[in-house]
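Below is one structure, written out as structure tokens, with a few remarks after it.
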Amino acid sequence: MNNKRIGVFDSGLGGLTAVKQIMQELPNESIIYFGDTGRVPYGTRSRETILKYTRSDIRFLKSFDVKIIVIACGTASSVSLPQIKSEFDIPIVGVVDAAVYQAVRTTKNKKIGILGTPGTIKSGSYEKLIKEYDPQIQTFKKACPLFVPLVENGHFNTTVAKLVVEEYLEEVRREGVDTLILGCTHYPLLKDVIAEYMGEEVTLIDSGAEVAKYLKKKFDADMLHSEQTDEDQYKYYVSDSKENFEELGGIFLEREINGQVEKIDIEKY
Ligand code: DGL
């Protein structure tokens, strides 16, 4: 048993897709979430910058003496995790492995689509791992740089969101994939629009939700479960104004988070 908290971070709102699922899978756990809203987006930045941001986000979460860190960001998981994993004396998990594990088990026609930020797509992280599981699987990838700003501005189900989804997904749909990895944790917030465009026969893999399921298995195996819940069970930190995060995050999590969000200076970490 381990009563310490779980640290989760992302560049902004997207990681809440993982948090929502962790709350369901592991209801006794206490979570510290950091959304780097002052530096979002990560996905269009250089590798050096993404590494620098990832390190400071981990240092910030480590200051709470958490038991594990979840990189609920496809970009930081793809670009930074392989390198920084050995730099910290704490277990760190990312979203790529969990999403790929589920995708290769889901596809029937061995055609998997991968959506991600430019950084994630350029890294090749998802398809490399898919090929390791099964070299016969064909992958079709697409960078979707406008999805993150859409989500951060609350465009979950609007006409603009529909137009952008159509523009980005046309090619992947034409290829006939039966499984589509939402390789950025912001994208499940556009799930309805993406699902409608792709059609019923395509299964969407939510990387945030998959990492939560993975975490549950890991906690079972390594006996990491908490026996007691903190008084402040869920605490959220951001690096820019908290109002937008409180409003959109609350809608998405379907719970009031006003008063639980604090702004910090991430440059200090
Ligand atoms: N949620 C992050 C991801 O999964 C968004 C990246 C960004 O800030 O561009 O990749």
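Relative to the longest principal axis of the Cα atoms of the chain, the long axis of helix 47-62 makes an angle of roughly 40 degrees.
Dividing the Cα convex hull volume of the range 153-234 by residue count, how many Å³ per residue is that?
On the way: hull volume 10.5 nm³, N = 82.
Hull volume normalised by residue count: 128 Å³.
Residue by residue, the range 98-113 carries 3J(HN,Hα) couplings of 5, 5, 5, 3, 6, 5, 5, 7, 8, 5, 9, 8, 6, 10, 10, x Hz when phi is fed to the Karplus relation 6.51 cos²θ - 1.76 cosθ + 1.60 (θ = phi - 60°); x denotes Gly or Pro.
Write down the Å³ per residue value for the convex hull defined by the alpha carbon atoms of the range 115-269.
Working: hull volume 26.2 nm³, N = 155.
Given the Cα convex hull of the range 115-269, per-residue volume reads 169 Å³.
Any idea what angle helix 207-222 forms with the longest principal axis of the chain, computed on alpha-carbon atoms, 0 to 90 degrees, nearest 10? That helix lies at roughly 50 degrees to the long axis. Straight-distance candidates among the aspartates and glutamates for linking to Lys218, with alpha-carbon spacing under 20 Å and chain neighbours fewer than 8 residues away dropped: Glu25, Glu29, Asp65, Asp89, Asp97, Asp206, Glu210, Glu227.
Any lysines with Cα under 16 Å of the Lys111 Cα? List them, leaving off those in the same chain fewer than 8 positions away. Cross-link targets: Lys128, Lys131, Lys141, Lys142. Near Lys263, the amide H atoms lying under 5 Å from its own belong to Val238; only residues 5 or more places off or on other chains count, and H is placed 1.01 Å from N.
What does the charge dipole of the range 106-201 about its Cα centre add up to, to the nearest 20 debye, if the Cβ of each Lys and Arg holds +1 and the Cβ of each Asp and Glu holds -1? Mind showing how you got there, number by number?
On the way: 12 positive and 14 negative charges, 64 e Å.
It comes to approximately 300 debye.
Using bins of 5 Å that start at zero, the share of Cα-Cα pairs per bin across the chain amounts to 1, 6, 14, 18, 20, 17, 12, 7, 3, 1, 0, in whole %. Rounded to two decimals, the Cα-based Rg/Rh of the range 19-134, with Kirkwood Rh, is 0.98. To test your reading of the geometry: what angle, between 0 and 90 degrees and rounded to tens, separates the Cα axis of helix 159-174 from the longest principal axis of the chain? The angle comes out near 60 degrees.
Computed from backbone phi, the HN-Hα couplings of the range 179-188 come to 9, 10, 7, 7, x, 10, 6, 6, 5, x Hz, rounded to whole numbers (Karplus: 6.51 cos²θ - 1.76 cosθ + 1.60, θ = phi - 60°; Gly and Pro given as x). For Lys85, a cut-off of 16 angstrom between C-alpha atoms picks up these lysines, skipping any fewer than 8 places away in its own chain: Lys52, Lys62, Lys67. Using only side-chain charges placed at the Cβ, +1 for Lys and Arg and -1 for Asp and Glu, the dipole size of the chain relative to its Cα centre rounds to 880 debye. In sequence order, the range 26-36 has phi-based couplings of 10, x, 7, 7, 9, 10, 10, 10, 10, x, 7 Hz under the Karplus curve 6.51 cos²θ - 1.76 cosθ + 1.60, θ = phi - 60°, and Gly or Pro positions carry x.
Highest-first packing order for the peptide set 150-159, 178-187, 114-123 is 178-187, 114-123, 150-159, based on the mean count of other beta carbon atoms within 10 Å.
Bear in mind these aren't lab numbers, they're just calculated from the coordinates by the rules spelled out. Note that this is a predicted model, so its numbers are computed, not measured. Here Cβ is always computed from backbone atoms with ideal geometry, including for glycine, and neighbour counts include all displayed protein chains.
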